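For reference, the structure is listed below as structure tokens.
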Amino acid sequence: MIPTFGATAWGAAWVRTVETTAISRPDPALPRARSLARKGAVTGLTTEPGRVSAEVAGHRVAVGFPLWEPGADRLVAEADTAGLAAGDLPDELADRLRPEHGIAPPPDQQHPTCTCRTRAPRCAHVLATLYALAQHVDERPLLAVELRLAHPPVAAPPPDRIPLADLDPAGFYRSPAALG
Ligand SMILES: [Zn+2]
């Protein structure tokens, strides 16, 4: 099966920052970048707030980008994740983040480096790394938040599991008299 890029609102935002150069004119590096990402040439992909790095076909790639401005963390904390799988985020949060903060940084805010000698600002290795990152974000949308916040919120436990210590025994074991 050929992996797709940008199956979720979160991954799609990262794909757009890759393909935005193709709007004005075709970028010959894009098909090559997609091919590199699809055949697994992007290895050792690591992420941290404001940075992604990987190795692509023997070249070391890193892309730095700014974190979200203050206020985005509040939107994330307010997001309703009830009923979602671990690592997933509601599309509604993407809609709230997009106007003011964006989801992925636009190309002019990205600082790519690669050990190859290509003089284009974003070589096929950099673009392949961003495609692979978009796939990771599709698989686990929470990564889109972890990339842009210095202190990502800790995922809350599922709401239907209450730690035993939080139960009040006095209310839990009611006496027969109280039931009458
Ligand atoms: Zn390169």
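The values are calculated or read from the model by the stated rules, or taken from the named source; none is laboratory data. Bear in mind the structure is a predicted one, so any value in this text is a computation, not a measurement. Cβ coordinates were reconstructed from backbone atoms using ideal geometry, including for glycine residues, and neighbour counts include every protein chain displayed. Remember, those area values only see protein heavy atoms, side chains included, never the ligands or the DNA or RNA. Shrake-Rupley method; radii C 1.70, N 1.55, O 1.52, S 1.80 Å.
Please enumerate the residues belonging to the range 1-18 that are over 12 Å from the mean Cα position of the chain (by Cα) and at pLDDT 90 or above. Correct list: Phe5, Ala7, Arg16, Thr17, Val18. Do we have Ala144 as outside any helix (DSSP H, G or I), over 19 Å from Ala33 (Cβ atoms) and either more than 14 Å from the ligand (Cβ to nearest atom) or not acidic (Asp, Glu) (or both) here? Taking the combined requirement at face value, the residue does not satisfy it.
Taken together, the residues in the range 32-45 that are open to solvent by 50 Å² or more (accessible area, probe 1.4 Å) and within 16 Å of the ligand (Cβ to nearest atom) amount to 5. If you go through the range 34-53 and keep only what is assigned to a strand (DSSP E or B) and in contact with a Lys or Arg (Cβ under 8 Å, 6 or more places away or on another chain), you end up with just Ser53. From the list Ala29, Ala9, Ala104, the lone residue that is within 16 Å of the ligand (Cβ to nearest atom) and in contact with a helix residue (DSSP H, G or I) (Cβ under 7 Å, 6 or more places away or on another chain) is Ala29. Regarding the range 109-116, can at least one residue be identified that is more than 16 Å from the ligand (Cβ to nearest atom) and either open to solvent by less than 20 Å² (accessible area, probe 1.4 Å) or not basic (Lys, Arg) (or both)? There is at least one residue in the range 109-116 that is more than 16 Å from the ligand (Cβ to nearest atom) and either open to solvent by less than 20 Å² (accessible area, probe 1.4 Å) or not basic (Lys, Arg) (or both). Do we find that Arg119 is within 15 Å of the ligand (Cβ to nearest atom), closer than 19 Å to Leu30 by Cα and surrounded by fewer than 13 Cβ atoms within 10 Å (Cβ to Cβ) in this structure? Against the criterion (within 15 Å of the ligand (Cβ to nearest atom), closer than 19 Å to Leu30 by Cα and surrounded by fewer than 13 Cβ atoms within 10 Å (Cβ to Cβ)), Arg119 qualifies. Across the range 92-108, the number of residues qualifying as surrounded by 12 or more Cβ atoms within 10 Å (Cβ to Cβ) and of a type in the set (D, E, K, R) comes to 2. For the range 46-86, the candidate set comprises residues that are under 17 Å from Leu142 (Cβ atoms) and of a type in the set (Ser, Thr, Tyr); within that set, the residue that is surrounded by the most Cβ atoms within 10 Å (Cβ to Cβ) is Thr81. Taken together, Ala41, Ala12, Ala37 contain a single residue that is among the aliphatic types (A, V, I, L, M) and closer than 24 Å to Arg96 by Cα, which is Ala12. Go through the residues of the range 15-23 one by one and say whether even a single one is touching a residue at least 60 places away in the same chain (Cβ under 8 Å), more than 19 Å from Cys114 (Cβ to Cβ) and outside any loop (DSSP other than H, G, I, E, B). Yes: the range 15-23 contains one or more residues that are touching a residue at least 60 places away in the same chain (Cβ under 8 Å), more than 19 Å from Cys114 (Cβ to Cβ) and outside any loop (DSSP other than H, G, I, E, B).
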